[in-house]
Amino acid sequence: MTVTPMTVTPAPASAPVAEGDRAMVELQGVTKRYGEVDALKRVDLTIRKGEFVTLLGPSGSGKSTLLNLIAGMITPSSGRIVIDGRDATTLPTNQRGLGMVFQNYALMPHMTVFENIAFPLQVRHLPKDEIKRKVEQVLDLIQLGHVAGRRPRELSGGQQQRISLARCIVYNPALILMDEPLGALDKNLREQMQLEIKRLHADLGITMLYVTHDQDEALTMSDRIVLMNGGKIEQQGKPDELYFKPATVFSAEFIGSSNLIPGIVEAGGVSGLSLRTAIGTFPVPAADFAVSTGDKAMLLVRPENMTLTGGPGVTSVSGRIDDSILLGGVVRHFVRCKDQSTIIVQELNQPDRPIAKRGDEVRAGWPPAHARLLPPSVPH
Amino acid sequence: MNALFGSSRLSRNLIATAAWLCYVFLLLPSLIVIPISFGNPGQIEFPPRQFTLALYQQFFTDQAWWGSMVQSLLVATVTTMLTLVLAVPAAYALVRSQLPRRNLLRGLFMMPMLVPVIVLGLGLYLQFSNWGLLDTTTGLVLSHIMLTTPFIMVSVMSGLHHSDVSLETVASIMGASRPVIFFRVVLPQLKASIAVGALFAFLMSLDEVVVAYFLTGTKAMTLPVKMYSSIRWELTPVLAAVSTLLTLLSLLIALGIIALQRKTEANP
Ligand SMILES: Nc1ncnc2c1ncn2[C@@H]1O[C@H](COP(=O)(O)OP(=O)(O)O)[C@@H](O)[C@H]1O
Ligand SMILES: [Mg+2]
């Protein structure tokens, strides 16, 4: 769907460059305790104006807690929350000037679509004709002008979620929070809505904080991904940083698929380091963290960086094909190594590709520069 | 249940028939007054040997009867409205707030439901006689508010438990204050449970006789009290007409309650 440029919002007229760097939200050492459980543990996080930040993490990692703290539905056990430059740690929810989109849409069942979108404007005591104009404009923007008079329950899930988005952007909040907003929609609709939300973000420049447990969604939409694990921030960065430079085993496993081979660091190789593992000793690139010979470490190689064809300068390990499955554009081979561990190799599917059969002896190889050394996983 | 009766259609029909027989048995004494009310104005007789509206004419022209009916309707209406103003916000606060002594407060509001009405009547009589509230409409309304509050609260609280809190949360995030949320988000969703509670309260106040008997004399006398005393002193056949009217009113209100409950079940 197309989105026409927005004129609804009297946005802070084309933000000057300096403003883009200013913090919209700042969490300083925020902890939230529920009885014995620490839902959040001393979290520091800054969200810049205009940014699209995604909180990604498994269920129970504290994503909703963080969002609810910013919204003011709960107060932190300790720490400080600053929104748009002012201390909002204990500011009542209705004075924070935020918007929020829920997974269950949370549209008022007793109001029409028009009344639902008009509600936040009425709360702000805007004159009637201005309310009408703004609501109509935003309904046009999401191309749902024809349902203005209907009740939410007469609409499909996707339409309801677009209405609840419209209800947010109509009053131009400083920040829009979204807690798994597409969780209730089916796959096709979800992908369509992801692009639409991204488009709205690009056009309107509203800061958005988005929660999901779906890595693809996070990779698709975000300027920056904040990966949460057990109430802490595991790692944050641009999508490609998280994908190509995971700092921990958790990050590597949560985003994308990964082959992880445990071993002991030894001297040798081009970078001066190699890893001795149960299936061989492999040269590794320089590590991002402090290592010395004799330390335990993990070798990460993404399946799509591996081949069965070999070539010059490729490190490889021998094994036997366990299974080989076709996933449309790519083929995924499961290679059983001599220590019975499995390595996944993913290759592009081409017409002249030699067919791998179960039981074939192969060598799974990768360019050493595409491997990555990680600290061994520490239990949380 | 199934183990005893099986689940055949026969046993289900038997149970339904038994239930209906019970209803009819319980209803019969009330229903018998209906034919009597259209009969001989001189004396109570069943079955009636003529059909006239004379008893209704008597009722509507006798100031004492007619006046107590108006008084009853007045007391029930005012009681219902004041109870709503008191009980709906109280129920909202009890369900949604994090008040430390919530359960204690809830118990306090529910108390009048547990105290025997006769004890309540006596207590109110003694207290109101000090305050000069005996035989006043004000006194009667105050005591009926006590009696009806728990019923409206129960109805509204169950409505609140079924309504979606995230609607209130989202309204608050959009900038709405507590009162705005209460009037524009909460109340519209509670319409049905408030109406059910209000109809119950109205009905309760309308045929409440024990407390009213304690508290009223000739000035503030309600219809049930008037009926009760006329049974004791004169046993006039007008009673049949009054009873029929009251039954009709109760029936209408009960149907209203059922219709409302159906509607809320259909689209919660
Ligand atoms: N109201 C609450 N009372 C007690 N524990 C809670 C409450 N809300 C969340 N938690 C706990 O806090 C942790 C984080 O929850 P949450 O933020 O909802 O995770 P997520 O949204 O990432 O799935 C979980 O262990 C959860 O059980
Ligand atoms: Mg959650």
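When DSSP assigns beta bridges and you keep just the ones with both residues in segment A:242-346, what percent turn out antiparallel, to the nearest 5?
100
With the dipole of the protein assembly as shown worked out from charges on the C-beta (+1 for Lys and Arg, -1 for Asp and Glu) around the Cα centre, which of A:SER77, A:GLY50, A:LEU374 lies farthest toward the positive end?
Farthest towards the positive end: A:SER77.
Taking the DSSP beta bridges in the protein assembly as shown as the whole, what percent of them are antiparallel, to the nearest 5?
Working: 61 of 79 bridges.
Here the share of antiparallel DSSP bridges comes out near 75 percent.
Tell me the Kirkwood hydrodynamic radius of chain B in angstroms, computed as one over the mean inverse distance between distinct C-alpha pairs. Walk me through the numbers on the way to the answer.
On the way: mean 1/r = 0.0465 Å⁻¹.
Here the Kirkwood hydrodynamic radius works out to 21.5 Å.
Whole-Hz Karplus ³J(HN,Hα) for segment A:127-136, in order, using 6.51 cos²θ - 1.76 cosθ + 1.60 and θ = phi - 60°, x for Gly and Pro?
In residue order, the calculated couplings are x, 3, 5, 5, 4, 4, 4, 5, 4, 5 Hz.
Based on the mean of other beta carbon atoms within 10 Å per residue, what is the order of A:76-84, B:104-112, B:79-87, most packed first? Walk me through the intermediate numbers first.
Values: A:76-84: 17.1, B:104-112: 14.1, B:79-87: 20.2.
Peptide ranking by packing, descending: B:79-87, A:76-84, B:104-112.
Please give the length that would be gained between A:ASP223 and A:THR281 if that part of the chain were fully extended, namely 0.36 nm times their separation in residues minus their C-alpha to C-alpha distance (nm, one decimal).
Values: separation 58, 0.36 × 58 = 20.88 nm, distance 3.76 nm.
Full extension from A:ASP223 to A:THR281 adds 17.1 nm.
Given +1 on the Cβ of Lys and Arg, -1 on the Cβ of Asp and Glu, and no further charges, what dipole in debye does segment B:66-266 carry about its Cα centre, rounded to the nearest 20?
Computed charge dipole of segment B:66-266: roughly 400 debye.
Amide H of A:VAL101 versus every other amide H placed in the peptide plane: which residues, excluding those fewer than 5 positions away on the same chain, fall under 5 Å?
A:LEU177, A:MET178, A:ASP179
Rounded, prolate or oblate: which fits segment B:99-220, taking a ≥ b ≥ c as square roots of the Cα gyration tensor eigenvalues, rounded meaning a/c under 1.5, else prolate when a/b beats b/c?
Values: a/c = 2.62, a/b = 2.35, b/c = 1.12.
Taking the square roots of the gyration eigenvalues as a ≥ b ≥ c, segment B:99-220 is prolate.
Per-residue mean of other chain beta-carbon atoms within 10 angstrom of the beta-carbon, peptide B:156-169? Before the final figure, lay out each step's value.
Numbers: counts 0, 0, 0, 0, 0, 0, 0, 1, 5, 1, 8, 8, 1, 8.
Average neighbour count from other chains, rounded to a whole number: 2.
I'd like to know which of B:ALA19, B:GLN127, A:THR90 lies farthest towards the positive end of the charge dipole of the protein assembly as shown, counting +1 on Cβ of Lys and Arg and -1 on Cβ of Asp and Glu.
Final value for the positive-end residue is B:GLN127.
By the gyration tensor of its Cα atoms, with a ≥ b ≥ c the square roots of the eigenvalues, what is the shape of segment A:120-252: rounded for a/c under 1.5, prolate for a/b over b/c, or oblate? Please list the in-between numbers first.
On the way: a/c = 2.68, a/b = 1.98, b/c = 1.35.
The shape class here is prolate.
For chain A, what is the relative contact order in percent, using Cα pairs closer than 8 Å and at least 6 residues apart in sequence?
Working: 761 pairs, mean separation 57.9, N = 380.
Taking the mean separation of contacting Cα pairs over the length of chain A, I get 15 percent.
Could you tell me whether the protein assembly as shown comes out rounded, prolate or oblate from its Cα gyration tensor? Rule is a ≥ b ≥ c as square roots of the eigenvalues, rounded for a/c under 1.5, then prolate if a/b exceeds b/c, otherwise oblate.
Values: a/c = 2.96, a/b = 2.44, b/c = 1.21.
It comes out prolate by the Cα gyration axes.
Filter the cross-link list A:LYS187/A:LYS338; A:LYS198/A:LYS245; A:LYS49/A:LYS134; A:LYS187/A:LYS245; A:LYS238/A:LYS357 down to pairs whose alpha-carbon distance in this structure exceeds 31 Å. Before the final figure, lay out the partial values.
On the way: A:LYS187/A:LYS338 39 Å; A:LYS198/A:LYS245 24 Å; A:LYS49/A:LYS134 24 Å; A:LYS187/A:LYS245 28 Å; A:LYS238/A:LYS357 39 Å.
Going by Cα-Cα distance, A:LYS187/A:LYS338; A:LYS238/A:LYS357 fall outside the 31 Å limit.
Across segment B:47-52, in residue order, what do the Karplus-derived ³J(HN,Hα) couplings come to in whole Hz, using 6.51 cos²θ - 1.76 cosθ + 1.60 with θ = phi - 60° and x for Gly and Pro?
With coefficients 6.51, -1.76 and 1.60, one gets x, x, 9, 9, 10, 9 Hz.
As an exercise, use a Förster radius of 60 Å and the Cβ-Cβ distance of A:VAL270 and B:LEU99 to find the FRET efficiency, rounded to the nearest 0.05. Before the final figure, lay out the partial values.
Details: r = 69 Å, r/R0 = 1.14.
Rounded to the nearest 0.05, the efficiency is 0.30.
With contacts defined as alpha carbon pairs under 8 Å and 6 or more residues apart, what's the relative contact order of chain B in percent? Display every interim value, and only then the final one.
Working: 265 pairs, mean separation 78.4, N = 268.
Contact order relative to length: 29 percent.
Going highest first, how would you order A:180-187, B:177-184, A:224-231 by mean Cβ packing within 10 Å? Don't skip to the end; give the middle numbers.
Values: A:180-187: 17.6, B:177-184: 15.4, A:224-231: 22.6.
So the peptides A:180-187, B:177-184, A:224-231, ranked by packing, come out A:224-231, A:180-187, B:177-184.
Amide H neighbours of A:ARG150 under 5 Å, at least 5 residues apart or on other chains, H built in the peptide plane: list them.
A:VAL113, A:PHE114
Taking R0 as 35 Å, what's the FRET efficiency between B:GLU234 and B:LEU114 from their Cβ-Cβ distance, rounded to 0.05?
Values: r = 37 Å, r/R0 = 1.04.
E(calc), rounded to 0.05, equals 0.45.
With unit charges on the beta carbon (Lys/Arg positive, Asp/Glu negative), name the residue among A:PHE114, A:GLY230, A:GLY145 whose Cα is farthest towards the positive pole of the charge dipole of segment A:23-250.
The residue sitting most towards the positive pole is A:PHE114.
Taking amide H atoms as placed 1.01 Å from N in the peptide plane, list the residues 5 or more away in sequence, or in a different chain, whose amide H sits under 5 Å from that of A:SER271.
Those lying under 5 Å, H to H, from A:SER271 are A:VAL284.
Can you sort A:GLU266, A:GLU196 by how many other beta carbons sit within 10 Å, fewest first?
On the way: A:GLU266 15, A:GLU196 19.
Sorted ascending by nearby Cβ count, the order is A:GLU266, A:GLU196.
Note down the magnitude of the dipole of segment A:257-374 about its Cα centre, charges +1 on Lys and Arg C-beta and -1 on Asp and Glu C-beta and zero elsewhere, to the nearest 20 debye. Working shown, then result.
On the way: 12 positive and 11 negative charges, 34 e Å.
The dipole of segment A:257-374 has a size of about 160 debye.
From the backbone phi of segment A:345-356, what are the Karplus-calculated ³J(HN,Hα) couplings (6.51 cos²θ - 1.76 cosθ + 1.60, θ = phi - 60°) in whole Hz, Gly and Pro given as x?
Using θ = phi - 60°, the values come out as 10, 10, 10, 5, 8, 10, x, 8, 5, x, 6, 8 Hz.
All of the numbers you see were taken from the coordinates with simple rules; none came from a lab. On a predicted model such as this, the values are computed, not experimentally measured, just so you know. Virtual Cβ from ideal backbone geometry, glycine too; neighbours counted across all protein chains shown.
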